[in-house]
Structures are given as C-alpha cells and as structure tokens.
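Trainee: First the structure, which I've put down as structure tokens, then a few questions once you've had a look.
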Amino acid sequence: MKLSIKIALLTAILAADLTFFLFFRTYLPQQYNLVFHSLPWSDNLEKTVAVIIGLATALLTALSISNLIVKRLFKSLERG
C-alpha cells in the first residue's frame, strides 16, 4: 500500500474518532446519547468504555501517522 494512502486512511480514522467525541458531544448531544442508549450496557459503563476505546484509537492512529512520516523522512535523508 502506498504511503499516501496509508496516511490518508489513518487520518480519516482519526478525524472520524475526534469528530464523534468532540463535535457530536458538543453540538449534537441527542444523537450522541442515542448511540449510547442503543448499547446493551449501563450508561456509565458504556460511556467509560467508549471514551477509553476512542482515546486509544486516537492515540494509535496519531502515533501511526507520525511513525510513517518519520520513517519516510529518514528514508529520504539516507538517499541524499
């Protein structure tokens, strides 16, 4: 897979994750709560799990994007 496709895919995942947790919660709280009410667990548990998974997803995608860019930068510096 080309580097630009990998970065674009990871950026889209990161943007979707941040949009859900930042935009939906702030500007569309009814839809945000509707997502959590449709899950089979209690509200507090599902919100805690969702926030932890969202944070982990954001961190992993951001680190992956950084890793790909740094590897590409070092590779281009080695070539000259």
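The values are calculated or read from the model by the stated rules, or taken from the named source; none is laboratory data. Predicted model only: the values in this text are computed from it and were never measured.
Trainee: Starting from residues that are under 19 Å from Leu3 (Cα atoms) and among the polar types (S, T, N, Q), keep the ones in region 48-80 and report whichever is nearest to the chain's Cα centre (by Cα).
Mentor: Filtering first and then ranking leaves Thr61.
Trainee: Quick test for you: out of Leu18, Leu39, pick the one residue that is hydrophobic (A, V, I, L, M, F, W, C) and at pLDDT 80 or above.
Mentor: On the way: Leu39 fails: at pLDDT 80 or above.
Of Leu18, Leu39, the one residue that is hydrophobic (A, V, I, L, M, F, W, C) and at pLDDT 80 or above is Leu18.
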